[in-house]
Structure formats: structure tokens, C-alpha cells
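What follows is one structure encoded as C-alpha cells, with my remarks underneath.
The values are calculated or read from the model by the stated rules, or taken from the named source; none is laboratory data. Here the structure is a predicted model, which is why all the values come from computation and not from measurement. With ideal geometry, Cβ positions are generated from the backbone for all residues, glycine too; neighbour counts draw on all protein chains shown. Ligands, DNA and RNA are stripped out before the accessible areas are found, and what is left, the full protein with its side chains, is counted by its heavy atoms. Shrake-Rupley method; radii C 1.70, N 1.55, O 1.52, S 1.80 Å.
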Amino acid sequence: MGLDRLNSLTDGVLGFAMTLLVLNVNVPEGHDFSEQGVLQFLAGLERDVVIYAASFFLIARYWIEHHLIFHFIRYVSRAVVWLSFLFMFFVTMLPFATKLKGAYKDDAVVAAIFGAVHSGCWLSLLAVWRYAVSQPELMNPHLDSVMTGRITRRLCLGPFVILAAVGLSYVDIRLGNFEFLTIPLIYLFQLRV
């Protein structure tokens, strides 16, 4: 399999997962279309939208990190392909984990499941990166140890913040939900790779 085919498949899986997320935000039956009814409905969506936004922007972050990793990979091996499939497996679990989180908003165990699926995304990306770096023939010859270290640290940060969000969910579920949303924001404010 070529590099372009693997990247195209991954882009498609990520895009499809992002699209499926919005299906978890439901319009209740028997809703009131008056101005007050719509405002009450929208106010009631706050936590669903936070959970949706957290997953959506985390998937966007995974796409960015995947793009960065594959910027430095020249060739793919069977191992890179299978590690990429592991990443895509976790990505395809995100709509389910997000729906579960939306259905059981106040359950810290569900927050842990949500966090575990997102951690699976981060850790599988890290596995792709670490494996590829360990095989110099797969990598761009201009990749240096400084850049390798920076990318590795970026990939390690996500699971640690997710672990904090899960722990916080056991103390205060709303704060835990918002902590999940801070992960993409942390990466947004990084000035360089």
C-alpha cells in the first residue's frame, strides 16, 4: 500500500467520524417552537454540545497530528499500515463513545470510557510515530532528533490531559467535561511543533 492511499483512507475515516458526531445531538420529540421553547431547548443542549465539541476538535487535532507525522514518513511498511488501522479503529469508536457520554452525562465511569477511547487515538498515533522513527529507511532524512523529540512530546501530552479530565470527572463531572474540551485548546496555543 502506498503512502497516498493510507493517508486518503485515514482522512476519510476521520472526516466520517467527525460527521457522525453531530447525530448524537438530538432534537427531543414534542418540542415547543415558541421563542422561549427554542431558548430552553438550546440551553438544555449545553452539555451535549460541549461533549460534541470536545470530540469534534479532538478528531481535528488527531488529523493535524497524523498529517504532521506523515509529513516526515516517506514510505510505509506493513507495521505502519497496521498501526494506522489501530488508530482508525479507535477513531471509529469515537461516535459511539461520544453518544454514550451524551446519554450518561453524569457518570464518571462513562467519562473514563470516553477518555479511554480518546487515549487509544493518541497512543496509537504515538505507536505509529515511534515505530516509524525506529525505522530510518521509512523517514525523511532531514528529520532530526530535536523535531523527533518535539513530536513525541506533543503526542504524549494528550493522554496525560485526558487522564486529568477523567480524574476530574470523578470529582466534578462538569469540570471533567470542560477539561476534555481544553485539550484541543492547549495544542492551539502551541507556537511551534
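Taking segment 140-165 as the range and being in contact with a Lys or Arg (Cβ under 9 Å, 6 or more places away or on another chain) and either β-branched (Val, Ile, Thr) or modelled with pLDDT of 95 or more (or both) as the test, only Thr152 passes.
In segment 32-74, what residues are outside any helix (DSSP H, G or I), more than 25 Å from Thr19 (Cβ to Cβ) and not basic (Lys, Arg)?
Asp32, Phe33, Ser34, Ile73
One residue stands out among those in segment 124-176 that are basic (Lys, Arg) and touching a residue at least 24 places away in the same chain (Cβ under 8 Å): the one that is nearest to Phe90 (Cα to Cα), which is Arg154.
Do the conditions hold for Val13, that is, is it in contact (Cβ under 8 Å) with a residue 40 or more places away in the chain, within 27 Å of Tyr170 (Cβ to Cβ) and touching a helix residue (DSSP H, G or I) at 6+ places or on another chain (Cβ under 6 Å)? For Val13, the condition - in contact (Cβ under 8 Å) with a residue 40 or more places away in the chain, within 27 Å of Tyr170 (Cβ to Cβ) and touching a helix residue (DSSP H, G or I) at 6+ places or on another chain (Cβ under 6 Å) - is not met.
Say we look at segment 20-52 and pick out the residues that are of a type in the set (S, T, N, Q) and touching a helix residue (DSSP H, G or I) at 6+ places or on another chain (Cβ under 9 Å); which of these is modelled with the lowest pLDDT? Step through it out loud before you land on a result.
Step one: filter segment 20-52 for residues of a type in the set (S, T, N, Q), giving 24, 26, 34, 36, 40.
From what's left, touching a helix residue (DSSP H, G or I) at 6+ places or on another chain (Cβ under 9 Å): 24, 26.
Numbers: Asn24: 71, Asn26: 68.
Per the stated criteria, the residue is Asn26.
The set of residues in segment 41-80 being open to solvent by 60 Å² or more (accessible area, probe 1.4 Å), more than 29 Å from Leu6 (Cα to Cα) and in contact (Cβ under 8 Å) with a residue 24 or more places away in the chain consists of Val49 alone. In this entry, Met1 is excluded by the filter for residues that are farther than 27 Å from Arg174 by Cα, at pLDDT 90 or above and of a type outside the set (Asp, Glu).
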